[in-house]
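Working notes, beginning with the structure itself.
The values are calculated or read from the model by the stated rules, or taken from the named source; none is laboratory data. All values reported here derive from a predicted model rather than from experimental measurement. Note that each Cβ is placed from the backbone with ideal geometry, even for glycine, and that neighbours are counted across all protein chains shown. The accessibility values were calculated without ligands, DNA or RNA, using every heavy atom of the protein model including side chains. Shrake-Rupley method; radii C 1.70, N 1.55, O 1.52, S 1.80 Å.
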Amino acid sequence: MDDAFSPSLEAAFDIDRFRSIGHELIDVLADHLRKCKEGADKVIDYRDPEEEYNFWSSYEMSSPQALFSDIISRTIHTHHRRYIGHQVAAPAYIPALSGLVSELLNAGMGIYEMGAAATAIERVVIEEFCRKIGYTNDEGDGFLTSGGTLANLTALLAARAYLPSDRAGTDIIIVSDQAHFCIDRAAKAMGMKSTQVIKVQSDEQYRVDLSALRAAIGLCVNKGDNILAVVGCACSTSTGSYDDLVRIGELCNLHNIWFHVDGAHGGAAAWSSKYMERVRGIHLADSIIIDAHKMMMTPALATAVLFKRPSDSYKALAIKAEYLWEQSAAEWYMLAKRTYETTKLMMSIKIFSLIQSHGHQVIDDYVTRQYDLAHYFAAQVDSSPQLELAHIPMANIVCFRYLSRQVDDLDRCNMKIRSRLVERGGFYIVQTVLSEEVYLRITIMSPYTEKKDLDQLISEVIHLGHELDSDDAR
Ligand SMILES: *Cc1c(COP(=O)(O)O)cnc(C)c1O
């Protein structure tokens, strides 16, 4: 047998080529970031899916650098100062480089020796999360997993394992009507029907209504249902509203119900000395999830799943896999005993490198700044007679709308404003439906967004609204 490299293998594993393309790529990315910071170029160069597909289906690469440049220019720019849309982080640069290290080393993480450093670092990171949350000494353990959706499923599986196995009656999850759809998806994956997820109404600030919650719990208890968990939102996705975790925690404690907190977006407020009161009571939760790839400046995916009782962190997915693990003991360093993934990214190093490089203070500074900006934006909206603020912001998420003169068609008008904004590419914002009406929605994610960008967004929305009003009047 001839063990010489073929030309293609030679090129694929050419170390000198890796070095030179890598250096060039960093230059391309840094130039891109500079433009994002300055606000040059569009946030998004929107093309419809077929057009995008046609471009790529007939693509012929001239060089890897050209391929990377095409991908960058045809992808939304989360670092752009006028990217104010969905809740994904504009990653800080050391965590992004850690992502490259993870992907290149490609340690499997399934067993300890397949990722020793990242496994031990994961324990350190989880301990830091537990401390921030306010779990006390013998409380708190967990792991990292691939995203909030999977994290919520994992935590709810642990909650179900907590119920007696010989139970009669129906399993129920109770959550606010503002909860993220992935709670429904988790229930579905767990074999539950949609009627087994009870949606409790929220108040005018989109926080769960506590008396309605109390009533819902009472009803289930009387019927002999098994309340698998009550899920608190910290914060909700649409409006960034934080449920009253202290009161929900007390209620759950009273009825001996598993209390789960979905802190995918807003759990990071625990790091903000100014906004930590938003998550007051979070330490009462039996389980918590927090996405680092939302408010903690790391690339996706990196989500912490935390449990108050360390042993619960082994319960969600316990199975025997003899070829991987020798014993069934709770070994902290065999992470795949607890996670849904077998092979997993070295996600801990993204968080650890951020904290090692810039301290916990950087998370405080980021969360505080972005939340402050949302308050600024809301005040500007509130003082514009043509605009309506949907809620008082509790996070860096704000919903608002343009009050068209065509009052009976506010939904259509606001949807058009958004689509024109996105088509022009000057801003990226999203929309949502609140109480069955369409609102424009911003999440201030980019660290480069400043007050003047928010001022400009307001004048652009009003300008587009006037344009649409006069189109209609014609
Ligand atoms: C984003 C989000 C999720 C889903 O998390 P992914 O990391 O996108 O899977 C779940 N819950 C809330 C409240 C969220 O904001």
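Considering only DSSP beta bridges whose two residues both sit in the chain, what percent are antiparallel, to the nearest 5?
Roughly 60 percent of the DSSP beta bridges within the chain come out antiparallel.
Roughly how much of HIS293 is accessible, in Å² to the nearest 10, using a 1.4 Å probe?
10
Can you sort LYS35, LYS451, LYS344, LYS308 by solvent-accessible area, 1.4 Å probe, largest first?
LYS451, LYS35, LYS308, LYS344
Taking a ≥ b ≥ c as the square roots of the Cα gyration tensor eigenvalues, with a/c under 1.5 meaning rounded and otherwise prolate when a/b beats b/c, else oblate, which class fits the stretch 180-264?
Oblate, since a/c reaches 1.5 and b/c is not below a/b.
Straight distance only, please: which lysines reach the Cα of LYS350 with their own Cα at less than 17 Å, same-chain residues fewer than 8 apart left out?
Cross-link targets: LYS294.
How charged is the neighbourhood of ASP138? Take every other residue with its Cβ under 15 Å from the Cβ of ASP138, and add Lys/Arg as +1 and Asp/Glu as -1.
Spelling it out: positives minus negatives among the neighbours equals -2.
At a probe radius of 1.4 Å, what is the per-residue accessible area of LEU33, in Å² to the nearest 10?
Using a 1.4 Å probe on the heavy atoms, I get roughly 40 Å².
From the cross-link list LYS132/LYS274; LYS223/LYS315; LYS132/LYS308; LYS416/LYS452; LYS37/LYS451, which pairs have alpha carbons spaced over 18 Å apart?
Going by Cα-Cα distance, LYS223/LYS315; LYS416/LYS452 fall outside the 18 Å limit.
Amide H to amide H under 5 Å from ASN226: which residues, 5+ apart in sequence or cross-chain, H placed 1.01 Å off N in plane?
Residues meeting the amide H criterion: THR170, ASP171, ILE172.
Using Cα pairs closer than 8 Å and at least 6 residues apart in sequence, work out the relative contact order for the chain, in percent.
That works out to 21 percent.
Given the protein chains as shown and a 1.4 Å probe, how many square angstrom of LYS416 are accessible, to the nearest 10?
Probe radius 1.4 Å; accessible area of LYS416 about 80 Å².
Would you list GLU450, GLU467 from the most to the least accessible area, probe 1.4 Å?
Of GLU450, GLU467, the descending order of accessible area is GLU450, GLU467.
Once you list every other residue whose beta carbon is under 14 Å from the beta carbon of ALA390, what net charge do they have if Lys and Arg are +1 and Asp and Glu are -1?
Every neighbour counted, the sum reads -4.
Could you tell me which of rounded, prolate or oblate describes the chain, using a ≥ b ≥ c as the square roots of the eigenvalues of the alpha-carbon gyration tensor, with rounded for a/c under 1.5 and, failing that, prolate when a/b is larger than b/c and oblate otherwise?
oblate
Rank HIS391, HIS23 by accessible area, highest first, at a 1.4 Å probe radius?
So the residues, ranked largest to smallest area, are HIS23, HIS391.
Does the stretch 389-448 come out rounded, prolate or oblate by the C-alpha gyration tensor, with a ≥ b ≥ c the root eigenvalues, rounded set by a/c under 1.5 and, if not, prolate when a/b is larger than b/c and oblate if not?
oblate
Once the other residues with Cβ under 11 Å from the Cβ of ARG214 are scored (Lys, Arg +1; Asp, Glu -1), what is the net sum?
Net of charged neighbours comes to -1.
Just to confirm my numbers, what's the Cα centroid distance between the stretch 199-247 and the stretch 1-47 in Å?
48
Mean separation of Cα pairs under 8 Å and 6+ residues apart, divided by the residue count of the stretch 359-474: what relative contact order is that in percent?
26
On the protein heavy atoms, probe 1.4 angstrom, tell me the percent of accessible surface of the stretch 221-270 carried by carbon and sulfur.
Roughly 40 percent, rounded to a whole number.
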